[in-house]
1. Can you report the number of residues in the stretch 214-229 which are under 20 Å from the mean Cα position of the chain (by Cα), in a helix (DSSP H, G or I) and surrounded by fewer than 22 Cβ atoms within 10 Å (Cβ to Cβ)?
2. Restricting to the stretch 240-275, name every residue that is within 21 Å of the chain's Cα centre (by Cα) and more than 24 Å from Ile351 (Cβ to Cβ).
3. Would you call Gln324 at pLDDT 95 or above, in the same structural domain as Gly376 (by TED's automatic domain parsing) and over 20 Å from Gly160 (Cα atoms)?
4. Hey, among the residues in the stretch 97-110 that are touching a residue at least 12 places away in the same chain (Cβ under 8 Å) and part of a loop (DSSP other than H, G, I, E, B), which one's nearest to Asn248 (Cα to Cα)?
5. Residues of the stretch 347-390 being basic (Lys, Arg), closer than 27 Å to Phe167 by Cα and in contact with a helix residue (DSSP H, G or I) (Cβ under 7 Å, 6 or more places away or on another chain), which ones?
6. Within the stretch 199-235, how many residues are under 20 Å from Asn298 (Cβ atoms) and free of Cβ contacts under 8 Å to residues at least 12 places away in the same chain?
7. Can you spot a residue in the stretch 177-184 that is of a type in the set (Gly, Ala, Ser), outside the structural domain of Cys90 (by TED's automatic domain parsing), assigned to a helix (DSSP H, G or I) and under 20 Å from Arg104 (Cα atoms)?
8. From Ile257, Ile261, which residue is in contact (Cβ under 8 Å) with a residue 60 or more places away in the chain, assigned to a helix (DSSP H, G or I) and more than 24 Å from Ser58 (Cβ to Cβ)?
Amino acid sequence: MKKRIARYLKHIFGTIISLLLVGATVVISLNGSFEYGEDPQAINLEREGPYVFYETDSTLNVNYIRGNKTDGFYLDKTEHHTNDEIFANCYFPLDGSGFDFNIRSDIKSPQSTYDDEEVILAISDIESGYKTFRDFLIANMVIDQNLDWIFGKGHLVLVGDFVDRGFSTTQVLWFIYKLEQEANKQGGHVHFIIGNHELYNMQGKFKSASYKYYGVASILGKQHHDLYNKNSFIGKWMASKNTLELINGYLFTHGGIHPDIANYDITIEQVNQINRDHYDQSYFPKPKESVAQLILSNKNGICWYRGYFNDDLSQEEVEKGIDQFNAKAVVVGHTLQWSVKKLYKGKVFAIDVKHPKDYNKNWPNKKSEGLLIKEGKYYRISADGKMKKL
């Protein structure tokens, strides 16, 4: 009887182990990973912020969360005129660091085209990973150890999905805001390209947001969708950004360019304006086809298209969309890759890789990558600052 029970248990454990091995193999083959070991600092809300909202057309209130779950939370709140230059600090609880910056209310939409032959560094899909983002920029000499811009007149291109799926959304967004100001002072540029997850947040869709931000909204006396709406300073700033830019001959967009865009006489500026006009509106297909419907589509639109990877496209079809805007190639995120890749005879660069998380460990361990374009050459750059020519 004991031998029979032992054989039975052995069979059960053997089956479980086999299923786990199969599951692990499938996850790894799909470039996925297992997350474990969440650090409790992930939901430390002491000094969380700032959260800045328009009280009236001429006044802003700046909020920092104070306290803890045991003793209770309260808001450190100040009011400012929109003409004021507001000193702010953003705290990162994981390592007790932070950064200072100034909030200015003069929000303007960036231009859509740049032509200056300066170096380009592009990275995408950071997904609320402040530490990962910060350390990558330090290693690749975009910023120094003090988090100050040292990239001169270079272009730092952030190709969408810098929010959601993590606990550092606020830190990431304000860090981009800070770097944008510093780059401008030196003649450089930070290009924050809107991806589908930025759209989610501006449209009040939070299925991919960390549960942390439901608590944040509640403490602020707001709903989650208020964090990035038109009454939010960071939401208004985010809504000023583009979905498509041409930088030194290269297109940058989160999803991609559907070949059918070549059927319409449209400019990059018009693409961006169509998207900006709909940032706070959910997309629903319309009965009548139009260029706006193609641009906004959550399947074939600029922020969503995966055709380079999922459709059986010919070289000619790929080049139709690129040629529409007189570009050399297109650089995209959105669709996960094992590493930064050059595809379709150098017409498509895919740069979405699985980045490490701030507050979770991953198995297998992931390492960040980006794309460097310098003097007509292309390099895959890594989290330790090493470069490999593509």
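The values are calculated or read from the model by the stated rules, or taken from the named source; none is laboratory data. Keep in mind it's a predicted model, so treat the numbers as computed, not measured. Here Cβ is always computed from backbone atoms with ideal geometry, including for glycine, and neighbour counts include all displayed protein chains.
1. Residues flagged as under 20 Å from the mean Cα position of the chain (by Cα), in a helix (DSSP H, G or I) and surrounded by fewer than 22 Cβ atoms within 10 Å (Cβ to Cβ) within the stretch 214-229 amount to 4.
2. Residues satisfying the conditions are Gln273, Ile274.
3. Numbers: at pLDDT 95 or above: yes; in the same structural domain as Gly376 (by TED's automatic domain parsing): yes; over 20 Å from Gly160 (Cα atoms): yes.
Against the criterion (at pLDDT 95 or above, in the same structural domain as Gly376 (by TED's automatic domain parsing) and over 20 Å from Gly160 (Cα atoms)), Gln324 qualifies.
4. Pro110
5. Of the residues in the stretch 347-390, the ones basic (Lys, Arg) are 347, 354, 357, 361, 366-367, 374, 377, 380, 386, 388-389.
The next check asks that each one be closer than 27 Å to Phe167 by Cα; those that pass are 354, 357, 361, 366-367.
Selection gives nothing.
6. So the answer is 1.
7. Start the filter on the stretch 177-184 by keeping residues that are of a type in the set (Gly, Ala, Ser), which leaves 183.
Pick out the ones that are also outside the structural domain of Cys90 (by TED's automatic domain parsing) and you get 183.
Imposing the further condition that a residue be assigned to a helix (DSSP H, G or I) reduces the set to 183.
From the residues that got through so far, the ones that are under 20 Å from Arg104 (Cα atoms) too are 183.
The answer is yes; a qualifying residue exists.
8. On the way: Ile257 fails: assigned to a helix (DSSP H, G or I).
One residue alone meets the criteria, Ile261.
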